[in-house]
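Notes for the one structure printed next.
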Amino acid sequence: MSDHRSRLETKQQASAIASPWSLGMRLRGALWSVVWLFLYRPTPKPLYRWRVLLLRLFGATISGRPFVGSSTRVRMPWQLTMEDRACLAPDCEVYNLGPCIVRARATVAQRVYLCGGTHDLTREDLPLVVGTIDIGEDAFVGAQAMILPGVAIGAGAVVGAGSVVTKDVEPWTIVGGNPARAIGRREHPLAPRDGVGGDPS
């Protein structure tokens, strides 16, 4: 896997308090907040297809039948990609100031924070730094974990509950802790064994 830092982008802004986003994008975000509050958030669990439809109407790239919880917050739907049977569980926070991809059959459990933005603290103007978060096929991100900008979680990988992931996770690897470190390998029918086979994607 490539270095996660290659997926980071520093936004241009006039000052530390100036927004890097255009007026049109800010208005789009404000409209989405209203739609989320009145048409998305109150819906019961079985109406996930309605919530997915709202995300799609605001620009999300959707394939198959993913699931999103009614209390899941997505900052910028137009920067979200969800594939078949991908899951964003209740109370997830998708702070996707950069693109966020949740691939087929990947599960992002309750209260996970997908943090797609930070700031360059080495500069006086504190510019916004955004990065793509990519959750691989069949991966599992445990409850209350935090994924930082630019990080890719490999296919079939497991992130332990409460972990803070600061760099890429190799496929079919179990990581845990703060910062997260490899603590094992995942046993799964699709996982390569004894060096035979490759990435199932």
Given GluC sites (Glu not before Pro), DSSP loops and at most 16 other Cβ atoms within 10 Å, the longest exposed-site-free stretch of the chain is 1-123
From the Cα trace of region 126-191, what convex hull volume per residue do you get, rounded to a whole Å³?
74 Å³
Can you give the charge dipole size of region 46-185 about its Cα centre, rounded to the nearest 20 debye, using +1 on the beta carbon of Lys and Arg and -1 on the beta carbon of Asp and Glu?
460 debye
Of ILE147, MET76, VAL165, which is farthest on the positive side of the dipole of region 46-185, counting Cα position, with +1 on Lys and Arg Cβ, -1 on Asp and Glu Cβ, and the Cα centre as origin?
MET76
Taking other Cβ within 10 Å of each residue's Cβ, how do SER19, SER70 sort, fewest first?
SER19, SER70
Quotient of Cα radius of gyration and Kirkwood radius for the chain, i.e. Rg/Rh, equals 0.99
Translational D in µm²/s for region 1-102 (Stokes-Einstein at 20 °C, 1.002 mPa s, Kirkwood Rh from C-alpha pairs):
146 µm²/s
Share antiparallel - DSSP beta bridges, the chain, percent rounded to 5
25 percent
Counting only residues 5 or more places away or on other chains, whose amide H sits under 5 Å from the amide H of VAL74 once H atoms are built in the peptide plane?
VAL94
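Each value in this text was obtained by applying a stated rule to the coordinates, not by laboratory testing. For clarity, every value in this text was computed on a predicted model and none was experimentally measured. Methodologically, a virtual Cβ is constructed for each residue, glycine included, from the backbone with ideal geometry; neighbour enumeration extends over all protein chains shown.
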